[in-house]
2 protein chains.
Amino acid sequence: MDIMNWSGLRLERSNGEALYLQLASALADAITCGEIGAAERLPSERELAARLGLSRTTAVNAYRELEARGLVRGYVGRGTFVCAGIEREGAPFAWRGKVALGAQRTVDPSMRTFSRYATDPRMISFAAGAPALDLFPIDAWEAATNRVLASAGHLAHAFGPTEGMPVLRTRIATRFGVAPGETLIVSGAQQGLDLIARCLLDPGDVVVMDRPGYLGAIQVFRSAGVHVIGWDIVRADPDELEDLVLRYRPKLLYTNPTFNNPTSRTLTLPERRDLLEVARRYRLPVIEDQTYREMWFSTPPPKTLLELDRQEGDGGIVIQVNTFSKVLAGGLRLGFVLADEAIVDQLALVKQRTDVSSATLVQLVVADLLASRDFDTHLERLRVEHLRRRNCLLDAVHSIQLRGSLVPSPTEGGIYLWCRLGQGIDARYLAQVAATSGVGIVNGDLFYPDAGDRSGADEVRLCFAAVHPDRMGEGMRRLEQAIGLARSNAGAFTSAGTIA
Amino acid sequence: MDIMNWSGLRLERSNGEALYLQLASALADAITCGEIGAAERLPSERELAARLGLSRTTAVNAYRELEARGLVRGYVGRGTFVCAGIEREGAPFAWRGKVALGAQRTVDPSMRTFSRYATDPRMISFAAGAPALDLFPIDAWEAATNRVLASAGHLAHAFGPTEGMPVLRTRIATRFGVAPGETLIVSGAQQGLDLIARCLLDPGDVVVMDRPGYLGAIQVFRSAGVHVIGWDIVRADPDELEDLVLRYRPKLLYTNPTFNNPTSRTLTLPERRDLLEVARRYRLPVIEDQTYREMWFSTPPPKTLLELDRQEGDGGIVIQVNTFSKVLAGGLRLGFVLADEAIVDQLALVKQRTDVSSATLVQLVVADLLASRDFDTHLERLRVEHLRRRNCLLDAVHSIQLRGSLVPSPTEGGIYLWCRLGQGIDARYLAQVAATSGVGIVNGDLFYPDAGDRSGADEVRLCFAAVHPDRMGEGMRRLEQAIGLARSNAGAFTSAGTIA
């Protein structure tokens, strides 16, 4: 509705109610009945006053009244906007009017939903990315915990330094060939990405990242208010990367080059060198996510970008994000960043006000584990078991009756099977039907970062590592049923252009 | 330097070097030698080109070259700025050119420094806020851990839901009289504040908070790019609060009303009701931090704002932030938010992309502890011991020779002694001298939120709970020595107007 030419507005100067309240009520009615839509910008107080022949004070007070009722929200320098509806019926306080513009940039609850699937006993979840948790080294963990508690006592629960406990930083530094000062302990890789975004990005900046790429990175970048541009990680063409850098002048490149989430694609050594050459030419910081690097089946992957940059270049252009979520367990919330000391220092300044420091005990226990053989023994067992589970899931996929409806890409490590759906099945719709059938999968469109990109509609991601082989057959039966349902509705879905 | 009238610039069209490189080098020299200062805004590419009679492309390329060298950074819509120096000598990659404007809003490392003091064995630290950690219920904790591991096995390490483990949410809900859906588990109160800021505040907004008030809150708000306005928490005048609300139209009020950090001031029941009345009148969300509430000595404090709002008002206007950091240990990184379900849901959406969820095991162990008598028994022991330590520190303060140089305010709970320094001693300078004497204290100016406010220069905060009574005498001797040094330099310091 064009409020400036709004014929429905009738204000009575003599009816005893203040004009600003009459104006506020009329606008409130228009918002409530939808005549003025959510997120619509209202005219400025000055414009409104001039148009209606009212004093500016009346317009100002009317907007304050609407703000107090939670219907609109003013943003400095941008104007006054109608609020989105987040309220349940009958809520005593209108929180929908209080949510910031920045928080509304991403409201996709997918990651939260996948976490819920993982703990829902009714679900067989191929959705959340997790290792074979039933192989978690319970005995070694308890032994390490006991050693730590015996030596540290109550100090195992004291606040630690923001950068992390020195013993863990030292062990990680040794393992990955960097200096202790070049490590930062974080509460999972997701926090590492969030800190990097807060440290290096301002709203309006551009980042280039894998396409398709990690959903959690897309969400971090979107919520930072930056433009996200995809670089085709499957083709991995350095000329395309250079074109994107020249065209968009990104502030950083994010890539997950080893057993990429979601495609399981691994950049070869020459591809890594090409990528670094482009990054160096334009002095473009590279954030490499090495979450899946240890999870190879038979052949270790090429050197990391961090290693290559330090061994073959000047070093310093790469920040590595890594985590214990896939090599031990996600519930530990323990990850680390490897980078130049100058940037570790900046990230720690941001972390200090975000959560002060990461939990102490888990750092000491993992440091103890890293010093023993137990950690590497566990990794070896995990590799064998993950390969078995990948094969088991491939068998199950091949055994389902609807041939051609689910075609997996090759996977030589990591924890994901990236599959193409047969014609006519929409991945988003299938994921919804699958959830109601008791099986969790992730629709591919979530991994495409560019705004308005319609790719991924025929792709899905299955995590093979977290489901016990005994349950994979049942999981595939449920998925087969869901595919049947989704296929039979495919025509209706496509023609209607919406999800039933 | 006014670059637009810069006589030092000489470009040679015929010397074989591209003009943009000559221009970049000249500007780089001016930046390096300080003629153009850090954070200075350069003229727009268009202006510069016009002024120097160059093509716009030359100016654009020169700025890109400077950006590539890490000397300037462009911000969409705001222009190009000279970077701040964060680089160590000889760093291979110029990270200082990559740090975002948003990250430069707060670079105060105080919180990080206090955490370091706490783990430095050479220091006696009255700086960081921590309880009597030596009373940590080690046996009860281990028993709870064993029960959890025996029943949950490897699932004690699985990813949990973003909102928190259901068993802990339920136990907290029962303890604090809310519904489980009205709880959100966070990684400490600091994360709770950070999530609230990201959810409710946009850059340019205003918040009102305690003056003096919690340093971590000041840092969160500053880094969110909002204007922070102080409300005098010691006077606690509702008319002043109303005036601030009318004048600045804040998006929220943050207060720490029980054993306030740093003053230990507790708002009385009538003061709480007055505060809520103002908040309700202007529909102003209230963030109440109840970190210290359980830490009373002899008399339990008045009802929380959340309780009062629900029992006497419509409810819903208060968000409570709370933590186990002071009642158990800071290194657990476990806190919680109590609020309307609508806002818990919004906060969880933000948390999902920040760190996915909080660690699982610690949630299960604390849930187990809360169900036993062990937790309340621990609280009772802690109250007795904290009172003993307050008395012990008061005795030590009174025993030092420089009478009148350190005058504490009354403290009936919490963990802090807020002290006024004698004339002529600058708190910031004293804190520096004290650190070199092996004793940690916090200078008062850090707790004053308003930009440019020079208050707190004669106040310091001492945490009495974390230092064992056996070491308090020695701590005070070191502080006495530092005060002597600071006083003897007071004249020189004051006249110079800077820290020696």
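For segment A:15-64, the set of residues classified as touching a residue at least 40 places away in the same chain (Cβ under 8 Å), assigned to a loop (DSSP other than H, G, I, E, B) and among the charged types (D, E, K, R) consists of A:E40 only. Checking each residue in segment A:119-141 for being in a loop (DSSP other than H, G, I, E, B) and either more than 24 Å from A:L215 (Cβ to Cβ) or out of contact with any Leu (no Cβ under 9 Å at 6 or more places or on another chain) (or both) picks out A:D120, A:P121, A:R122, A:M123, A:A128, A:G129, A:A130, A:F136, A:P137. Residues that are buried (at least 16 other Cβ atoms within 10 Å of the Cβ) and in contact (Cβ under 8 Å) with a residue 40 or more places away in the chain within segment A:457-472 comprise A:E459, A:V460, A:R461, A:L462, A:C463, A:F464, A:A465, A:A466, A:V467, A:P469, A:M472, listed in sequence order. When we screen B:I229, B:I185, B:I196 for residues that are part of a strand (DSSP E or B) and within 14 Å of chain A (Cβ to nearest Cβ), the only hit is B:I185.
Summed over segment B:403-421, residues that are within 15 Å of B:A486 (Cα to Cα) and in contact with a strand residue (DSSP E or B) (Cβ under 8 Å, 6 or more places away or on another chain) total 4. Considering each residue of segment B:440-456 in turn, none proves to be among the basic types (K, R) and crowded, with 22+ Cβ neighbours inside 10 Å. Annotation note: Cβ proximity below 8 Å between a residue of segment A:387-416 that is more than 18 Å from A:R471 (Cα to Cα) and a residue that is in a helix (DSSP H, G or I) and among the β-branched types (V, I, T) (sequence gap 6+ or interchain) occurs for A:L402/A:I483; A:S405/A:I483; A:L406/A:V397; A:L406/A:I483; A:P408/A:V397. Restricting segment A:147-180 to residues that are facing another protein chain (nearest Cβ under 7 Å) and not in a helix (DSSP H, G or I) leaves a set whose member that is nearest to A:T291 (Cα to Cα) is A:T162. Applying the selection to segment B:339-381, what residues are more than 14 Å from every other protein chain (Cβ to nearest Cβ) and under 22 Å from the mean Cα position of the chain (by Cα)? Correct list: empty. Any residue in segment A:379-392 that is assigned by TED's automatic domain parsing to the domain that holds A:R293, of a type in the set (K, R) and on the phi < 0 side of the Ramachandran plot? No, every residue in segment A:379-392 fails to be assigned by TED's automatic domain parsing to the domain that holds A:R293, of a type in the set (K, R) and on the phi < 0 side of the Ramachandran plot. The set of residues in segment A:420-444 that are outside any loop (DSSP other than H, G, I, E, B) and over 18 Å from A:Y117 (Cβ atoms) comprises A:R420, A:L421.
Taking segment B:232-262, which residues are within 14 Å of another protein chain (Cβ to nearest Cβ), among the basic types (K, R) and surrounded by fewer than 18 Cβ atoms within 10 Å (Cβ to Cβ)? Hits for segment B:232-262 are B:R247, B:R249. Filter segment B:209-220 down to the residues that are crowded, with 24+ Cβ neighbours inside 10 Å and among the hydrophobic types (A, V, I, L, M, F, W, C), then identify the one that is farthest from the other protein chains (Cβ to nearest Cβ). Step by step, filter segment B:209-220, then rank; the result is B:M209. Beta carbons closer than 8 Å, at least 6 apart along the sequence or on distinct chains, pair a first residue in segment A:323-341 that is assigned by TED's automatic domain parsing to the domain that holds A:G164 with a second that is of a type in the set (D, E) for A:K326/A:E294; A:V327/A:E294; A:R333/B:D355; A:L338/A:E182; A:A339/A:E182; A:D340/A:E182; A:E341/A:E182. Return a yes/no flag: does segment B:183-195 have any residue that is within 17 Å of the chain's Cα centre (by Cα) and either at pLDDT below 95 or charged (D, E, K, R) (or both). Yes, there is a match, as at least one residue in segment B:183-195 is within 17 Å of the chain's Cα centre (by Cα) and either at pLDDT below 95 or charged (D, E, K, R) (or both).
To keep it simple, each residue is scored yes or no on (1) at pLDDT 85 or above; (2) of a type in the set (D, E).
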| residue | (1), (2) |
| --- | --- |
| A:S25 | no, no |
| A:T32 | no, no |
| A:E40 | no, yes |
| A:R51 | no, no |
| A:S55 | yes, no |
| A:Y75 | no, no |
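Checked against (1) in contact with a strand residue (DSSP E or B) (Cβ under 8 Å, 6 or more places away or on another chain); (2) within 12 Å of chain B (Cβ to nearest Cβ); (3) closer than 27 Å to A:G213 by Cβ, A:L332 meets all criteria but (1).
The selection criterion, being closer than 24 Å to A:M111 by Cβ and among the hydrophobic types (A, V, I, L, M, F, W, C), does not hold for A:A279. The set of residues from segment A:153-178 being over 28 Å from the mean Cα position of the chain (by Cα) and of a type in the set (G, A, S) comprises A:G153, A:A156, A:A158, A:G177. Determine, yes or no, whether B:A144 is in a helix (DSSP H, G or I), away from chain A (no Cβ under 11 Å), in contact with a strand residue (DSSP E or B) (Cβ under 7 Å, 6 or more places away or on another chain) and not hydroxyl-bearing (S, T, Y). The answer is no for B:A144. Between B:P257, B:P270, B:P180, the distinction of being free of Cβ contacts under 8 Å to residues at least 24 places away in the same chain and under 30 Å from B:Q363 (Cβ atoms) belongs to B:P180 only.
The values are calculated or read from the model by the stated rules, or taken from the named source; none is laboratory data. Source: prediction; values computed, not measured. So basically every Cβ, Gly included, is an ideal-geometry build from the backbone, and we count neighbours across all protein chains shown.
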